[in-house]
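Data block below; observations after.
The values are calculated or read from the model by the stated rules, or taken from the named source; none is laboratory data. None of the values given here were measured: they were computed from a predicted structure. A quick note on method: Cβ atoms are made from the backbone with ideal geometry, for glycine too, and the neighbour counts reach across all protein chains shown. Please note that ligands, DNA and RNA were not included when accessible areas were found on the heavy atoms of the full protein model with its side chains. Shrake-Rupley method; radii C 1.70, N 1.55, O 1.52, S 1.80 Å.
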Amino acid sequence: MVLYQAKDYKDMSRKAANIISAQVIMKPNAVLGLATGSTPVGAYEQLVEWYNKGDIDFSQVTSVNLDEYKGLSGDNDQSYRYFMNKNLFDHVNIDKARTFVPDGTEPDSKVACAKYNAIIDSVGGIDLQLLGIGGNGHIGFNEPGSAFESLTHCVALKEDTIKANARFFETMDDVPKYAYTMGIKNIMSAKKVLLLASGKNKAKAVYESFFGPIVPGVPASVLQLHNDVIVIADEEALSLCREKGVI
């Protein structure tokens, strides 16, 4: 593992964008595994800025996203497809036909997951997988207790996740109760993994994931077994690691 210490969110985002852009420059037809959520937004903004300056070309890039809510179509403003379009794809010259997200409109979970695993295989695997990390150490929708050998699968969202998402929907019935997510084995099969962490609420997860035992109760801890992992964390996310004297 290589650990880069960032001053703050902006510094973390810029460092992350540097690594992603270097991957694309070194391999123009790279396969990028992408993530959603607030953590990678700053990196995507930086990549868009560099694209507008002519510093990076996405025309040959393929992308595969970590996850998608089951039951949401790509034009739903709460879907992860919509998120990716809004934050990255609409602003660069990537071919959207080569941007893949699990099919939230496929009601048959086995079909949706098998199809997505086949897509990942068909593009030759992932060159660089971008990850955030949950406060409990989850990666993608792989919550504590997830099997390390899992491939793309359907997960029942936790009650607190459903309640937290309720503000984005008209009624509770509209809130997704399930999601399709890459499994830990998909993530571990990527050639390189880039994990970002920002904020005090991620400090415990960062410490336990990278300086604690490798256990299913902390899903990100399995990344200790990957041979090419880069972690970029800001000062707040690294605060417990400093307290414990591991960095």
For the stretch 13-31, give me the residue count where each residue is touching a helix residue (DSSP H, G or I) at 6+ places or on another chain (Cβ under 7 Å) and either part of a helix (DSSP H, G or I) or of a type outside the set (G, A, S) (or both).
6
Test L47 against the stated conditions and say whether it is under 21 Å from F141 (Cβ atoms), among the hydrophobic types (A, V, I, L, M, F, W, C) and surrounded by 23 or more Cβ atoms within 10 Å (Cβ to Cβ).
no
Given the conditions (1) open to solvent by 10 Å² or more (accessible area, probe 1.4 Å); (2) under 17 Å from the mean Cα position of the chain (by Cα), every one holds for Y4 apart from (2)
Could you look through the stretch 163-177, keep only residues that are touching a helix residue (DSSP H, G or I) at 6+ places or on another chain (Cβ under 8 Å) and open to solvent by less than 80 Å² (accessible area, probe 1.4 Å), and pick out the one that is modelled with the lowest pLDDT?
A166
Answer yes if at least one residue in the stretch 187-202 is open to solvent by 40 Å² or more (accessible area, probe 1.4 Å), in a loop (DSSP other than H, G, I, E, B) and more than 24 Å from Y4 (Cβ to Cβ), and no otherwise.
no
In the stretch 86-138, what residues are at positive phi and buried (at least 17 other Cβ atoms within 10 Å of the Cβ)?
G137
Could you list all residues from the stretch 15-52 that are more than 19 Å from V193 (Cβ to Cβ) and of a type outside the set (A, V, I, L, M, F, W, C)?
P28, N29, S38, E45, Q46, E49, Y51, N52
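Just to be sure before I move on: is S38 under 13 Å from the mean Cα position of the chain (by Cα) and assigned to a loop (DSSP other than H, G, I, E, B) in the structure I sent?
yes
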Checklist (1) modelled with pLDDT of 95 or more; (2) out of contact with any helix residue (DSSP H, G or I) (no Cβ under 8 Å at 6 or more places or on another chain) applied to G37, failing item
(1)
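Among residues belonging to the stretch 217-247 that are assigned to a helix (DSSP H, G or I), of a type in the set (G, A, S) and within 17 Å of the chain's Cα centre (by Cα), point out the one that is farthest from A190 (Cα to Cα).
S221
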Does L47 count as within 17 Å of K96 (Cβ to Cβ), touching a Ser or Thr at 6+ places or on another chain (Cβ under 7 Å) and part of a helix (DSSP H, G or I)?
yes
Taking L66 and the conditions (1) under 21 Å from Y180 (Cα atoms); (2) of a type in the set (A, V, I, L, M, F, W, C); (3) surrounded by fewer than 17 Cβ atoms within 10 Å (Cβ to Cβ), which numbered condition does it fall short on, given that it satisfies the others?
(3)
Could you check how many residues of the stretch 120-137 are modelled with pLDDT of 95 or more and not in a strand (DSSP E or B)?
11
